[in-house]
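I have placed the structure first, in the form of structure tokens, so that the comments after it can refer back to it.
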Amino acid sequence: MKLATALRAAAWVGVAVVGWSLNIRWGADLRLGNGPPVTFHKHVVGALLLAFVAAVAMSASHRLAVRTAAAAAAAGVVAIAAAVRMRAPDSVVSGPGWAWLAAGAALVAVAAVAGLFARPPASARRRARR
């Protein structure tokens, strides 16, 4: 498997993991139900959308500007996850939901940044020379 393909696959898995965090219990209290609390639901949906933008950008092109945009979107996902962690009480981030959000954010970010520094495939290099 080529590196670029593996990185794109990792980014899409990261999108799925961030999306899965919307379905998992966030707090330790079983009465809270599944998904993030209402106050953080918009944050998680925003992180999911940014992760999707990063994965689409990684899949769409090998140009440096597009890969940079993917890395910036992935940095936004990490920033949202960090903001949720800082603002949420410990009872909310003690459940597995936040861990899934953090894992997905990390996966998307690592894939996007590695894609930024990865060498484009030979076909893209040939097209860039023309």
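Residues whose amide H falls under 5 Å from that of Ala28, counting only those 5 or more places apart or on a different chain, are Ser94, Gly95, with hydrogens built in the peptide plane. 3J(HN,Hα) along region 87-103: 8, 7, x, 4, 5, 7, 8, 7, x, x, x, 5, 5, 5, 4, 5, 5 Hz, from the Karplus curve 6.51 cos²θ - 1.76 cosθ + 1.60 with θ = phi - 60°, whole Hz, x for Gly and Pro.
Modelled spin-label separation between Ser91 and Lys42, with each label point placed 7 Å from Cα along the Cα-to-Cβ direction: 2.3 nm.
Ranked from the most accessible area to the least, with a 1.4 Å probe and all protein chains present, what is the order of Thr5, Thr39? Before the final figure, lay out each step's value.
Values: Thr5 60, Thr39 100 Å².
Output order, biggest surface exposure first: Thr39, Thr5.
Leaving out ligands, DNA and RNA, and with a 1.4 Å probe, what % of the accessible surface on the chain is carbon or sulfur?
On the way: 4940 of 7330 Å².
Carbon and sulfur: 67 percent of the exposed surface of the chain.
Once the 1.4 Å probe is applied to the protein heavy atoms, the chain comes out at 56 Å² accessible per residue. Met58: net charge of surrounding residues, Cβ under 14 Å, Lys/Arg +1, Asp/Glu -1, itself excluded? Net charge in that neighbourhood comes out at +4.
Here the chain is treated as a sphere whose radius is the Kirkwood value from Cα pairs; by Stokes-Einstein at 10 °C and 1.306 mPa s it diffuses with a coefficient of 106 µm²/s.
The values are calculated or read from the model by the stated rules, or taken from the named source; none is laboratory data. The structure displayed is predicted, hence computed values, not measured ones. Here the Cβ is made from the backbone with ideal geometry for all residues, glycine too, and neighbour counts use every protein chain on show. Ligands, DNA and RNA are stripped out before the accessible areas are found, and what is left, the full protein with its side chains, is counted by its heavy atoms. Shrake-Rupley method; radii C 1.70, N 1.55, O 1.52, S 1.80 Å.
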